[in-house]
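Working notes, structure below.
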Amino acid sequence: MEDIKHKTIEPDRKESSGIVYKLLKIITIIYPGEGITAFLLTLNIFLLLAAYYIIKPVREAFILAGKGAEIKSYLSAAIAVLLIFVVKWYSHVSSRFPRQKLITWVTFFFISNLIIFYGLSYTDIDLGTMGLIFFIWVGIFNVLVIAQFWGFANDIYTEEAGKRLFPLIAFGATFGGFSGSTIAGWLVKPIGLYQMMLVAGGILGICIALTLVIHKREIDRIKKELEGATPDEAKPEVNQEKPLKKGGGFSLVFKRKYLLYLAFFVLLLNFINTNGEFILGEYVTRVAHEAVEAGKSGGADVSEYIGIFYADFMKWFNFVAMFIQLFLVSRIFRWIGIRGAIFILPFISLGGYSLIALGASLMMVKWVKVAENGTDYSLMNTTRHSLWLVTTREEKYKAKAAIDTFFHRAGDVLSAVAVFLGVNYLVLNTSGFAAFNVVLCVIWIAIGVLMAREHKRLSSA
């Protein structure tokens, strides 16, 4: 085995009787000795997502006020192109530093960027230029640091432990997004947009400290487990503190069928979901205009009507996501496994868009998207990261960075192209775009089947 963590002693199978473990059992099963590391990882991803959602409103404010919504829609293509070079840079850096230094320096790099952006507030830079640069930066930051975190988590756990503990860790991400959004709402007026960058930078500094603590705990655990092991057995463990082997993230993706299937699976996931966001946005905008013209908007104008709708929509899909993450994800993993969990969201999307294609009201479109987004942000998010448990260390960091950044953003680009062609040349209505998504869902499921077969082979190896 390339990765010694699969050879280490599994924790005692007797469940702990402590009150904390009993509370955590609501989410998943935790064995003695696993609790502290799992908690620290959960706290780490909680803080990462909180930091992102604190600066996300800053990004939206800068780009919309400085450049407008049309320019914003085109920037996904620019981000996708830049990510090609970012992934190459990340692959190069990860071959020079061990994981704890890699994560430390990459995170510190982003902290320094936030300080620079804050410093620009004292210059004469115009809001349009600032919005353009900051929007692209955030688009790279949020996908890279999250991919890096999950590479680290995959590097720590065996497949069996990951299936149990990732639902708990992923809850930290879900709750972090909710908390960060709430905190951002509190801070905008009292401290201002630029000062929120410093708050996010401070939180990222805490994440660096947590990473170093987790790394030290795991290395100490490994060394303790290997007491009495032969030099040949211990040698692979030393690699946990060494840089990764040379090689680029994209080359790793195209060398293995499993990773290629996973790349296109993620691309289609985002392609379909972004198309769905357009369908919902187009539908609610049309209904808002009709309601205002007919005097049925309750006194709200078009923007207020849309704002009220989206506030309710986001409230419900976040509630669904937290419910699924807390009570269903770990149980689904136990009942049908990671390979079975792959297909739940694709079939939800297939059924939902089939209904919309046949003709649906705004409420139908809303609840289809609530089910889709709620499942995506919980079950599918955890499943995607768990699929990396059967890969090598190089793949966990380099190939994962390539897939979770470039291929993920490529879905946004394809959706923008599809919307442009559908609106301007094919004259597709809501039902037409939904029918297009149905076709994509069928392809998505087919790729899921191929990916599940490869996962089964790798898991059995």
Exercise. Quick one: angle between helix 193-225 and the longest Cα principal axis of the chain, in degrees between 0 and 90, rounded to 10, please.
Key: 30 degrees
Quiz item: Structure shown: which of LYS67/LYS296; LYS242/LYS398; LYS224/LYS456; LYS369/LYS396 lie over 23 Å apart, alpha-carbon to alpha-carbon?
Solution: LYS67/LYS296; LYS224/LYS456; LYS369/LYS396
Quiz item: At what distance in nm do the modelled label points of ARG457 and LEU198 sit from each other, each positioned 7 Å from its Cα along Cα→Cβ?
Solution: 5.5 nm
Quiz prompt | Helical mean residue ellipticity (222 nm; -39500 (n - 2.57) per DSSP H run of 4+; nearest 500) of the chain | solution = -26500 deg cm²/dmol
Quiz item: How many nm separate the modelled label positions at ALA209 and ILE443, each set 7 Å beyond the Cα in the direction of the Cβ?
Solution: 4.8 nm
Exercise. From the P(r) of the chain, can you give the percent of Cα pairs sitting at distances over 42 Å?
Key: 15 percent
Practice problem: For the chain, find the longest principal axis of its Cα atoms and tell me its angle to the long axis of helix 257-293, 0 to 90°, nearest 10. | Solution: 30 degrees
Quiz item: To the nearest 0.05, what FRET efficiency results for MET364 and ARG331 with a Förster distance of 30 Å applied to their C-beta separation?
Solution: 0.60
Quiz item: Which FRET efficiency, nearest 0.05, do TYR74 and LEU355 yield, Cβ-Cβ r, R0 51 Å?
Solution: 0.95
Quiz item: Relative to the present Cα-Cα distance, how much length would full extension add between LYS257 and LYS88 at 0.36 nm per residue of separation?
Solution: 58.8 nm
Quiz item: Placing +1 at every Lys and Arg Cβ and -1 at every Asp and Glu Cβ, with all other atoms neutral, what dipole size does the chain have around its Cα centre, in debye to the nearest 20?
Solution: 1140 debye
Practice problem: Round to the nearest 10 and give me the degree value, 0 to 90, for the angle of helix 362-375's Cα axis relative to the longest principal axis of the chain. | Solution: 10 degrees
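Bear in mind that the values in this text are calculations on the coordinates, not laboratory data. Nothing here was measured: the structure is a model prediction, and the numbers come from that model. Virtual Cβ from ideal backbone geometry, glycine too; neighbours counted across all protein chains shown.
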